[in-house]
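What follows is a set of notes on a single structure, which appears directly below.
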């Protein structure tokens, strides 16, 4: 794999200054830096996902088929989860939804005040979301 030394980096910087000019060069560096930052974040996220892959694949598949719910929260507080599959009947889906909501309520932080679950939307993987009445929970 080729390596880039200080002399090559210096040559690239000098050529960039000549081509872009001294006024545009810092702006270009900022854009390049932001792209590298986004790339780094994407790659680290991908690495976390790869590292979280389970060792016992048979058990994981069995758990998912039997309705084990997994969920995660994003930065905005939206919780994404799976609690049903195509093979389940209405009763199983309803029971899993109730168990899912109960688990979310159980995991509510003690420091959280006010309404904890504001809205619930259900959707298939690529389908539209349907709003569920929160008052029943």
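Considering the range 1-25, and only residues there that are loosely packed, with under 10 Cβ neighbours inside 10 Å and in a helix (DSSP H, G or I), the residue that is modelled with the lowest pLDDT turns out to be 6. Only residues that are under 25 Å from the mean Cα position of the chain (by Cα), surrounded by 10 or more Cβ atoms within 10 Å (Cβ to Cβ) and part of a loop (DSSP other than H, G, I, E, B) were counted in the range 126-137, giving 1. Hey, any hits in the range 48-64 for a residue that's at pLDDT 70 or above, assigned to a helix (DSSP H, G or I) and over 30 Å from residue 92 (Cα atoms)? The answer is yes; a qualifying residue exists.
If you filter the range 79-109 down to residues that are in a strand (DSSP E or B) and surrounded by 10 or more Cβ atoms within 10 Å (Cβ to Cβ), you find that the one that is farthest from the chain's Cα centre (by Cα) is 82. Total residues in the range 110-125 satisfying the condition of being under 18 Å from the mean Cα position of the chain (by Cα) and either assigned to a loop (DSSP other than H, G, I, E, B) or not assigned by TED's automatic domain parsing to the domain that holds residue 82 (or both): the figure is 3.
The values are calculated or read from the model by the stated rules, or taken from the named source; none is laboratory data. It should be emphasised that the depicted structure is a prediction, and the values quoted were computed from it without experimental measurement. Virtual Cβ from ideal backbone geometry, glycine too; neighbours counted across all protein chains shown.
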